[in-house]
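A quick write-up on the structure given underneath.
The values are calculated or read from the model by the stated rules, or taken from the named source; none is laboratory data. Bear in mind the structure is a predicted one, so any value in this text is a computation, not a measurement. Every residue, glycine as well, gets a Cβ built from its backbone with ideal geometry; the counts of neighbours run over all protein chains shown.
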Amino acid sequence: MPTDLARSAPSDASVVTARNHRACERAAKRVIDLLGAAVLALLLSPLFLGLSCLILLVDGIPVIYRRRVVGPRGEFDAYKFRTMIRDADAVLASNSQLSQAFAEQFKLKSDPRVTRIGACLRKYSLDELPQLLNVLKGQMSLVGPRMITSAELQKYVPYGALLLTVRPGMTGYWQVKGRQEVSYAERVRMDVYYITNWSLWLDLKIILRTPSRIIRTQGAY
């Protein structure tokens, strides 16, 4: 007679069914990414052109900044509208106080390197729009954990390997829950929560909450 443990254990068929269901969900997520990014890129193309011209006229080239970040396939360049002065990295490296503050959060509040136009773009997350191209290329997702650099992986110990199992997102659980208002440790906790509790329903809730979060500019800098 089977024991309670044997009766409660999932059958091979149920495990396979669960895996297939999960695979179908992830395939659906990719389809949503492709369709969503393509539609948004088309609808927002006038805004892309206008912002590009504005940056070019006021602050010159380059218009696009390439941030080297990590994902499941290794490092790649994430595209953003440039929001800082052209020699921003050199300014950070030459200022020990700024470098120390940046090392703690990998973000600076009232960053002196941010241009006037850049501050406005960041306030409404408009600088992130070029990442639609990263989504179309399969490097990012519309919804996912935070986009981070290889140097930031040390902050995710022991969850670094887990983070690299999914594509980073243009928006995500962290962005709609706290943005820059929470500590880095809390950001890590939120990313781990998202990855381990992911579902299409969770993605949908995050997408629906993103516009109001952006409009309110809460936690943005």
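Could you figure out which of (1) at pLDDT below 95; (2) buried (at least 17 other Cβ atoms within 10 Å of the Cβ) isn't true of Asp203?
It fails just one condition, (1).
Looking at (1) modelled with pLDDT under 95; (2) loosely packed, with under 12 Cβ neighbours inside 10 Å; (3) closer than 23 Å to Ile207 by Cα, which is the only condition Val31 fails?
(1)
How many residues are touching a residue at least 12 places away in the same chain (Cβ under 8 Å), over 11 Å from the mean Cα position of the chain (by Cα) and assigned to a helix (DSSP H, G or I) if we restrict to segment 135-157?
The qualifying residues number 7.
Determine if segment 158-181 includes at least one residue that is surrounded by fewer than 22 Cβ atoms within 10 Å (Cβ to Cβ), assigned to a loop (DSSP other than H, G, I, E, B) and within 13 Å of the chain's Cα centre (by Cα).
yes
So, of the residues in segment 49-64 that are in contact (Cβ under 8 Å) with a residue 24 or more places away in the chain and surrounded by fewer than 19 Cβ atoms within 10 Å (Cβ to Cβ), which turns out to be nearest to Thr149 (Cα to Cα)?
The extreme case among them is Ile64.
Say whether the condition of being touching a residue at least 24 places away in the same chain (Cβ under 8 Å), among the acidic types (Asp, Glu) and on the phi < 0 side of the Ramachandran plot is met by at least one residue in segment 183-190.
no
Name the residue that is surrounded by the most Cβ atoms within 10 Å (Cβ to Cβ), counting only residues in segment 143-157 that are of a type in the set (Val, Ile, Thr) and within 26 Å of Leu208 (Cβ to Cβ).
Val143
Evaluate segment 195-202: report whether one residue or more is within 20 Å of Arg30 (Cβ to Cβ), in a helix (DSSP H, G or I), free of Cβ contacts under 8 Å to residues at least 24 places away in the same chain and out of contact with any helix residue (DSSP H, G or I) (no Cβ under 9 Å at 6 or more places or on another chain).
The answer is yes, given that some residue of segment 195-202 is within 20 Å of Arg30 (Cβ to Cβ), in a helix (DSSP H, G or I), free of Cβ contacts under 8 Å to residues at least 24 places away in the same chain and out of contact with any helix residue (DSSP H, G or I) (no Cβ under 9 Å at 6 or more places or on another chain).
In segment 65-87, how many residues are free of Cβ contacts under 8 Å to residues at least 60 places away in the same chain, surrounded by 15 or more Cβ atoms within 10 Å (Cβ to Cβ) and small (Gly, Ala, Ser)?
Of the residues in segment 65-87, 0 are free of Cβ contacts under 8 Å to residues at least 60 places away in the same chain, surrounded by 15 or more Cβ atoms within 10 Å (Cβ to Cβ) and small (Gly, Ala, Ser).
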